[in-house]
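Okay, structure first, notes after.
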Amino acid sequence: MLKSQRELEIMRRAGQINALALLAAASVVAPGATTAEVDAAAADVLRQHAAEAAFLGYPGAYPYPAVTTISVNDELVHGIPSDRRLREGDIVSIDCGTVVEGFVGDSALTVPVGEVSDEAERLMDATLTALFAGIELMRPGQRTGDVSAAIQQTVEAAGFNVVREYTGHGVGRNMHEDPQVPNYGQPGTGLQLRSGVTVALEPMVLAGAAETKVLKDQWTVASLDGRLTAHFEHTVAVTDEGPRVLTALDEPFTLDGLMPVRYNQYFAGRRESAISSMQGDTR
Ligand code: MG
Ligand code: MG
């Protein structure tokens, strides 16, 4: 499961295309847009790059029918794009996977539809902050439990809860491979990280209780109590030079309509918002 430098470069290409797909999808998010239209924007990007969709046909109760998963409000992950129209105040989690030359890039983000509640903003911020806390520890010598614990502590310090049933995961030739990296754990436990390990870190966070249910469509996972959820994910490589976010966008980039500094940081794959000044808006 250790990736060579050459393999990391292929994964970087997959990750870059995946980021472009998420950016295109997020740019469609607006009151009145359907989640199928959001999915179509991501699918277009994959088509333009002749890249394969990792999610389409993914085995489950039935083969997964779309390029992205789009999960609205209480829906946490695996929501199926449909004719559902987004409404002002919703928050929308978009997850996408891209395959290039047999290697997978996997990443996700949550975006607001217009103005959203204070709780929704705090939830998205805490989830992204937890992702960066995990990324920071993706270094040789750290253990997966250190990464898991950092994510859990960041989320719980903000007053929210991490999901137990779904985890971050190794990624490469397959979308899900070893090691598992849960969003909760004990420091000093788990696999010791080495240069060449690649993991999709993905805090999935619930504003309320950490209990979920699967909806009637047999794919969508939602909070049991109906409260809001958020999800941010990056594919990250452990290298001797430090964490390398494979699903970031090459800089400089322009965020069409996605202005909050949170998204500069997300797409840059790093917390310092060196590029935010380019946007003229650092909300
Ligand atoms: Mg994903
Ligand atoms: Mg994943």
In segment 192-239, what residues are surrounded by fewer than 24 Cβ atoms within 10 Å (Cβ to Cβ) and under 22 Å from GLY57 (Cβ atoms)? VAL214, LEU215, LYS216, ASP217, GLN218, TRP219, THR220, VAL221
I'd like to check something: does segment 225-245 contain any residue that is closer than 26 Å to ARG122 by Cα, touching a helix residue (DSSP H, G or I) at 6+ places or on another chain (Cβ under 6 Å), more than 16 Å from ligand 2 (Cβ to nearest atom) and among the hydrophobic types (A, V, I, L, M, F, W, C)? yes
Looking at VAL147, VAL171, VAL155 in this structure, which one is within 16 Å of ligand 1 (Cβ to nearest atom) and touching a helix residue (DSSP H, G or I) at 6+ places or on another chain (Cβ under 9 Å)? VAL171
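When segment 105-131 is examined, which residues are found to be small (Gly, Ala, Ser), in a helix (DSSP H, G or I) and within 16 Å of ligand 2 (Cβ to nearest atom)?
Initial filter on segment 105-131 (small (Gly, Ala, Ser)): 105, 107-108, 114, 117, 120, 126, 130.
Among the residues that remain, those that are also in a helix (DSSP H, G or I) are: 120, 126, 130.
Correct list: ALA130 only.
Taking the criterion of being in a helix (DSSP H, G or I), at pLDDT 95 or above and β-branched (Val, Ile, Thr), would at least one residue in segment 45-65 satisfy it?
Initial filter on segment 45-65 (in a helix (DSSP H, G or I)): 45-48.
Subset that is at pLDDT 95 or above: 45-48.
Those left that are additionally β-branched (Val, Ile, Thr): 45.
Within segment 45-65, one or more residues are in a helix (DSSP H, G or I), at pLDDT 95 or above and β-branched (Val, Ile, Thr).
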So ILE94 ticks every box in (1) within 24 Å of THR198 (Cα to Cα); (2) part of a loop (DSSP other than H, G, I, E, B); (3) within 15 Å of ligand 1 (Cβ to nearest atom); (4) aliphatic (A, V, I, L, M) but one. Which box is left unticked? (2)
Count, please, the residues in segment 56-99 that happen to be free of Cβ contacts under 8 Å to residues at least 24 places away in the same chain and within 16 Å of ligand 2 (Cβ to nearest atom). 2
Checking the condition within 16 Å of ligand 1 (Cβ to nearest atom), crowded, with 24+ Cβ neighbours inside 10 Å, farther than 26 Å from ARG270 by Cα and within 19 Å of the chain's Cα centre (by Cα), which residue from GLY105, GLY79 passes? GLY79
Here's a check for you: in segment 202-253, which residue that is assigned to a loop (DSSP other than H, G, I, E, B) and within 16 Å of ligand 1 (Cβ to nearest atom) is farthest from ILE94 (Cα to Cα)? LEU246
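The values are calculated or read from the model by the stated rules, or taken from the named source; none is laboratory data. Remember, predicted model here, so these are calculated numbers, not experimental data. Cβ: placed from backbone, ideal geometry, glycine included. Neighbour counts: every protein chain shown.
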